[in-house]
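Asker: Before we start, here is the structure in question, set down as structure tokens.
The values are calculated or read from the model by the stated rules, or taken from the named source; none is laboratory data. Treat the numbers as computed from the prediction; the structure is a model and nothing was measured. Cβ: placed from backbone, ideal geometry, glycine included. Neighbour counts: every protein chain shown. In case anyone asks, the SASA skips ligands and DNA or RNA and just uses the protein heavy atoms, side chains included. Shrake-Rupley method; radii C 1.70, N 1.55, O 1.52, S 1.80 Å.
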Amino acid sequence: MTTYRDRAEAGRALADRLAALIGEPDVVVLGLVRGGVPVARVVAERLGVPLDVLVVRKLGMPLAPEVAFGALGPGGVRVLNDTVAAQVDPADIAEVQHREQAELDRRERLYRAGRPPLDLAGRTAVIVDDGLATGATARAAVQVARQLGAHRVVVAVPVGSDEAYEMLAAEADQVICAQRPPDFGAVGAYYDDFHEVSDEEVTAALAAAG
């Protein structure tokens with residue numbers, strides 16, 4: 001089990017695992033905001049494909065926010081887990097959705113300034129994050145990417161838990177996880193530098209990618 005110096009080094013390791021996509025048509029790398037973007041930037045550069053961001057907001061249970069009853073994505077996409085959502089009062093659903101939609105809209109305005117709306121129709125979407133703990137956000141991202149028209153969805157991460165990997169393997173067309181330590185803890189434990197990624201770092205990565 002090795003640790004990564006930072007997200008850029010993790011991106012280089014991940015890109016090696018994705019080399020089969022070099023030369024494939026209509027591939028786009030999507031960094032999950034925010035921590036996945038520095039990883040995705042390196043992956044996109046190495047593969048020679050476009051970089052974009054996927055803003056996904058989990059809809060968490062009012063008294064247990066880590067448990068998602070659904071998710072929101074760009075373009076008005078909403079994914080609901082009907083079984084879990086049925087346990088939530090409709091007024092609470094509306095409140096959580098209103099709050100998360102406001103944050104999604106803020107980030108979309110910030111990150112997409114001057115960029116066209118995200119269009120995944122017919123494309124291979126490679127969803128990149130800096131790690132998988134529960135996998136809930138990545139799972140929501142897969143569902144959002146499919147609703148946005150992606151032909152194929154690949155999840156790629158430098159490190160993750162076995163449980164999250166197995167869950168995502170049932171959702172995505174392919175899951176690439178460079179390391180799956182048996183005693184997985186917090187994602188940050190596998191990085192020497194795991195600073196909180198700022199909005200400025202995300203917008204700089206997108207600007208550099210063109």
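Asker: Helix-only estimate, please: 222 nm mean residue ellipticity of the chain, summing -39500 (n - 2.57) across DSSP H runs of length 4 or more and dividing by its residues, to the nearest 500.
Answerer: Mean residue ellipticity at 222 nm (helix-derived): -11500 deg cm²/dmol.
Asker: Give the long-range amide H neighbours of Phe69: residues separated by 5 or more places, or on another chain, with amide H under 5 Å away, using H modelled in the peptide plane at 1.01 Å from N.
Answerer: Here Leu59, Gly60, Met61 satisfy the definition.
Asker: Applying the Karplus parametrisation 6.51 cos²θ - 1.76 cosθ + 1.60 with θ = phi - 60° to the phi angles of the range 55-62, what ³J(HN,Hα) value in whole Hz is obtained for each residue in order, glycine and proline being reported as x?
Answerer: 8, 10, 10, 5, 9, x, 4, x
Asker: For the range 107-210, run through the GluC sites (Glu not before Pro) and keep only the ones in DSSP coil with at most 10 other Cβ atoms within 10 Å of their Cβ. Intermediate values should be presented prior to the final figure.
Answerer: Working: sites: Glu108, Glu163, Glu166, Glu171, Glu196, Glu200, Glu201; in loops: Glu171, Glu196.
Passing sites in the range 107-210 are Glu196.
Asker: Still on this structure, I have one more. What accessible area per residue comes out for the range 93-210, rounded to a whole number of Å², with a 1.4 Å probe? Intermediate values should be presented prior to the final figure.
Answerer: Details: 5500 Å² over 118 residues.
In whole numbers, the range 93-210 has 47 Å² accessible per residue.
Asker: With the cut-off at 1.5 for a/c, could you classify the range 56-210 from its C-alpha gyration tensor as rounded, prolate or oblate?
Answerer: Details: a/c = 1.35, a/b = 1.07, b/c = 1.26.
Taking the square roots of the gyration eigenvalues as a ≥ b ≥ c, the range 56-210 is rounded.
Asker: Could you tally the net charge around Arg46, taking each other residue with its Cβ under 13 Å from the Cβ of Arg46, Lys/Arg +1 and Asp/Glu -1?
Answerer: Values: positive: Arg12, Arg17, Arg41; negative: Glu9, Asp16, Glu45.
My count for the surroundings of Arg46 gives 0.
Asker: A follow-up question, please. Given a 1.4 Å probe and every protein chain left where it sits, what share in percent of the accessible area of the chain is carbon and sulfur? Write down the numbers at each step before the final one.
Answerer: Numbers: 4780 of 9710 Å².
Answer for the chain is 49 percent, counting heavy atoms of protein chains only.
Asker: For a label point 7 angstrom out from the Cα of Asp119 toward its Cβ, which stretches of the range 61-105 have the backbone nitrogen within less than 18 Å?
Answerer: Zone members listed by number: 74-77.
Asker: Cα centroid distance between the range 142-160 and the range 1-28, in Å?
Answerer: That distance is 15 Å.
Asker: Using R₀ = 41 Å, calculate the FRET efficiency as 1/(1 + (r/R₀)^6) where r is the Cβ-Cβ separation of Asp105 and Asp16; round to 0.05. Please report the intermediate quantities before stating the final value.
Answerer: Values: r = 36 Å, r/R0 = 0.89.
It comes out at approximately 0.65.
Asker: Grab the beta carbon distance between Asp193 and His151, set R0 = 45 Å, and tell me the FRET efficiency rounded to 0.05. Working shown, then result.
Answerer: On the way: r = 35 Å, r/R0 = 0.78.
Between Asp193 and His151 the formula returns 0.80.
Asker: For the range 73-124, what class follows from the C-alpha gyration tensor (a ≥ b ≥ c being the square roots of its eigenvalues): rounded when a/c is under 1.5, otherwise prolate if a/b is larger than b/c, else oblate?
Answerer: Values: a/c = 4.72, a/b = 1.65, b/c = 2.87.
Oblate, because a/c is 1.5 or more while a/b does not exceed b/c.
Asker: Can you give me the long-range amide H partners of Leu132? Hydrogens built in the peptide plane at 1.01 Å from N, cutoff under 5 Å, separation of 5 or more residues or another chain.
Answerer: Those lying under 5 Å, H to H, from Leu132 are Val159, Gly160, Ser161.
Asker: Please report the antiparallel percentage of DSSP beta bridges with both residues in the range 65-176, rounded to the nearest 5.
Answerer: Bridges in the range 65-176 that DSSP calls antiparallel: roughly 25 percent.
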